[in-house]
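Notes to accompany the following structure.
Any read-out appearing in this document is the output of simple, stated calculations on the displayed coordinates, not a laboratory observation. Please read these numbers as outputs of a predicted model, since none were measured by experiment. Heads up, the Cβs are rebuilt from the backbone with ideal geometry, glycines too, and the neighbour counts pull from every protein chain shown.
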Amino acid sequence: MTLLQVMPEDAPDRVVLRTRDRAEISEVLAACSVRLRDWPMRGPVEPGTTEEEILTRYRREVDALCAEEGLRLVDVVRLHPEDTPQWRERAAQARGTFLEEHRHVEDEVRFFAHGVGCFYLHVRQKVYAVVCEAGDLLSVPAGTTHWFDMGPRPDFCAVRFFEREDGWVGDFTGDPLARNFPRLDALLAGAGG
């Protein structure tokens, strides 16, 4: 189930709000101009499931969202755990990149078809840790500073939406703030609240 934990930017150990109540999460995020929606799950995503199969399953929702929000490009990003040194190195490198605070010139729109990941939104002197799970569609407005944690053993599949080809160009802030907040594994374990 989706989780929201809110902390002051200058006190990452102090939890202002921790909830799994979907209505409350949506309301709190809406006040930050962030949209959280549900899409129905259309089957499991296993290591052999192709990008085309995933997009075909969600074609109706994908097409409607693209038309509604002017999104032109759609792809699938996924990481499934493998017990190989190459996978561990690739996963650690990907995790490290996304753990740095950044922003984009267009909305960041993601649908989780499998697994879990956490978006940390830095808005109005607070950090909103939004743990997204399968079925969640999150839209983060352009210019919102944020970072993403896929966990120490990433296992997720997300459909990504873009307005243009270079939509995921991160403007990294260089602020070390993100290093102070609990990671995805700690949030799921209940740390900090």
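Relative to the globular-protein estimate of 2.2 N^0.38 Å, the Cα radius of gyration of the chain stands at 0.98. Taking other C-beta atoms within 10 angstrom as a stand-in for reagent exposure, Thr49, Thr97 fall in the order Thr97, Thr49, fewest first.
If the only charges are +1 at each Lys and Arg Cβ and -1 at each Asp and Glu Cβ, what is the size of the charge dipole of the range 92-144 around the Cα centre, to the nearest 20 debye? Working shown, then result.
Values: 5 positive and 7 negative charges, 34 e Å.
Computed charge dipole of the range 92-144: roughly 160 debye.
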